[in-house]
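A quick write-up on the structure given underneath.
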Amino acid sequence: MDRPDWTLYETFLAVAQTGSLSAAARQLGSTQPTVGRQVRALEDRLGFALFTRQARGLSLTEEGARLLPAAERMAAAARDLTLAAAGADQDLTGTVRITASVLFATATLPLLLAELRETLPEVQIDLVASDSTDNLLYREADIAVRMYRPTQLNVITRNIGEVPIGIYATPEFLTRNGLTPHMDRFDPNLFVGYDRSDLILIGLQEMGFDAVREDFPIRCDNHVTYWELVASGCGIGVTQTRIGDSDPRVERILHALEVPSLPVWLTAAEALNRTPRIRRVYDFLADRIARTLA
């Protein structure tokens, strides 16, 4: 057999992990046809099928399942090589890739990054505004701002504050539904909900409301669009108080309800913390975000 081609095995691993060619393509930053061709090329080289098609995607054949642990070890070795090389980079000039939720990246980071641009002009920033969880250990990002404590091993993380959360609605929506800002109960079907995320459902249930996804007449997982739905009068919604309190289109309601705040964790891969430019950006963000939240 020819020498292993890591690119083909990387594609095999992505398809095995995601269960579809399209999802693997998104994970790899490739295209579905390219991923399909790479899977077929590896199957041709090995002489057996790796996947079978199911109603909801692709599943591993027995032969593919036997290859999976070795592919995972190859991925771990490639990750370690990448991190070791990045950790040895002592140059301040270069790129730092930061990921944060869409809402935090939109409402909080731009002003901080404008100051960072003046403070460290030799550093270039890639800002990834995404509510998905990018993997720091695979260099999908160098620094992550999380609203939960990361559980990955081999990362450095610091709790830098709390984001207060409030409940809001437009005055017009309240009037239309016979509500007042100081009410202490409401029907969950007045809420703008999330689509696939269960965060609002969990929050409502913790506050004593018996709600299911179908109770929400309008649902959206993108937090920026979600807030626009609330501010346009589509229903009651939650957001960071520094956003809701400064938006003249809405008013804060349900003051008697205690809404848990969100912790903010700043995280980087442990190996990358030896890279000066990433350390400088990490320390800058830790200081400025903490000031913003204070």
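To the nearest Å, what is the center-to-center distance of region 94-114 and region 192-254, using C-alpha atoms only?
23
Placing +1 at every Lys and Arg Cβ and -1 at every Asp and Glu Cβ, with all other atoms neutral, what dipole size does the chain have around its Cα centre, in debye to the nearest 20?
Here the size comes out at about 460 debye.
Which entry in (i) 22.4, 79; (ii) 17.1, 54; (iii) 23.0, 74 is this structure's computed Rg and Dmax of the Cα atoms in Å?
(iii)
Any idea of the accessible area per residue across the chain, 1.4 Å probe, to the nearest Å²?
It amounts to 53 Å² per residue over the chain.
With θ set to phi - 60° and the Karplus curve 6.51 cos²θ - 1.76 cosθ + 1.60, what are the ³J(HN,Hα) couplings of region 251-256 in order, to the nearest whole Hz, using x for Gly and Pro?
9, 6, 10, 6, 4, 6
Taking each full run of DSSP H in the chain as one helix, which ones are at least 30 Å long along their axis (Cα atoms) and have mean Kyte-Doolittle hydropathy of at least -1.0?
Helices meeting the criterion: 62-87.
Ignoring ligands, DNA and RNA, what percent of the 1.4 Å accessible area of the chain is carbon and sulfur?
50
Order 213-219, 18-24 from most to least packed using the mean count of other Cβ atoms within 10 Å.
Put in order of decreasing packing, that is 18-24, 213-219.
The values are calculated or read from the model by the stated rules, or taken from the named source; none is laboratory data. As the structure is a computational prediction, the values presented were derived from the model and not from experiment. Heads up, the Cβs are rebuilt from the backbone with ideal geometry, glycines too, and the neighbour counts pull from every protein chain shown. Please note that ligands, DNA and RNA were not included when accessible areas were found on the heavy atoms of the full protein model with its side chains. Shrake-Rupley method; radii C 1.70, N 1.55, O 1.52, S 1.80 Å.
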